[in-house]
Amino acid sequence: MATATAFENLGVGVDGMASASEVLKLAREAEALGFHSFWLSEGYHTRSAIVTATVIATATSRIRIGLGIVSPHMKHAALLAMEAASLDEVARGRVILGIGKVLNALRKHGLKEAGATKVVKEAIEVIRGFLGGGVVHYDGAIFKIPRPGSQLGLTPPTDLPIYVGATGPAMLRLAAQYADGVLFNYPCTPSFIKYAMPFLDEGLRRAGRTLDNFEIAAYLLVSVDEDEKKALDVAKRFVAERLPSRHPVMLQHAGVSEEEVGGVKESAERVGLLKAASDLDDELARKVTIAGTPDQVVQGLRQFLGSGLKLPIVWNLIGPDRRRSLSLLAREVMPKIV
């Protein structure tokens, strides 16, 4: 693979903790500032990504809207197809549907993690069938559309890409073989992407495709401010809250030990999140975030060049002021990496 000198685009996104009014303001501003896409995850149980995306769709006209990721364990794949097509009717040609097993969803609803790859594969097949506009009948191990079948009762999208949230080898191969792209969760690192690439290459070979027509996107934890300490302090609050729930493979590639994870969890439970965050070691925070001034963020993002990543997504817009952070990213970071 030739060494890349720039990324194709830059996206931004938030989780369901942000209010609808705040997200709407951020999405409008992201569009005005020229960002490629605005992404929404669905954390259980905060705000619905589909509902929030619909609000954004009605208030924007150009920026792409990514659902990353929603769970086919929570909704039948036919319903996900219906909702994606309905959203596309509002934001024609701008919707990206990301699906995956979503560990948070499984654990909070008491569902088994085993067999998730099969669920996602069947979901892709069902969704593609409905989005193709024809009558769908499906008899899978997980999903059933009994004869005489069913079809969308609205004009189907002409081109609605499906991405898969993937971490393990089987899901990575599946993403590359059956989907249009892959979306890596946070805390993604260059080391993890390099680990994932052989599995993606294998899946692409099975499908007779190449990386040229396959998207590789990742949520990256970025905190930016003119004051390095302010940016790092905000990042620490996020790390203190989220680090214990991150995927062990991601943490391993970030160089975070089990002892460090346990220490963060114990500290948060003992003294509370704010004190645990203030006590958090700078080096640990930097392992899982890109935090600092705009120039430091540029250098952090450039570490991903050549890894295979095509679309960095600045996740949760971390910073002392989210809207100011967005402006700094657009004015002082994006022109140097895209």
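Computed quantities for the displayed model
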quantity	calculated
Ranked packing of 246-253, 34-41, most packed first, by mean Cβ within 10 Å	34-41, 246-253
Principal-axis tilt of helix 228-242 within the chain, Cα atoms, nearest 10 degrees	50 degrees
Antiparallel content of DSSP bridges confined to the chain, in %, to 5	10 percent
Where labels lie 7 Å past Cα in the beta-carbon direction, separation of Asp227 and Arg209 in nm	4.6 nm
Cut-off 13 Å between beta-carbons: net charge of the residues surrounding Lys310, Lys and Arg +1, Asp and Glu -1	-4
Computed over the range 100-194: relative contact order in percent, which uses C-alpha pairs under 8 Å that are six or more apart	21 percent
Charge sum, other residues only, whose C-beta stays under 11 Å from Glu42's C-beta, Lys/Arg counted +1 and Asp/Glu -1	+1
Most to least packed among 231-242, 22-33, 75-86 [average Cβ atoms within 10 Å]	231-242, 75-86, 22-33
Ordering of 184-193, 215-224 by packing [mean C-beta count within 10 Å, highest first]	215-224, 184-193
Tilt relative to the chain, helix 116-131 - C-alpha long axis, 0 to 90 degrees, to 10	60 degrees
Principal-axis tilt of helix 258-271 within the chain, Cα atoms, nearest 10 degrees	70 degrees
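Each reported figure results from applying straightforward, stated rules to the coordinates on display, with no laboratory input. From a predicted model like this one, the values you see are computed outputs, not experimental measurements. Ideal geometry is used to build each Cβ from the backbone, glycine not excepted, and the neighbour counts take in all protein chains shown.
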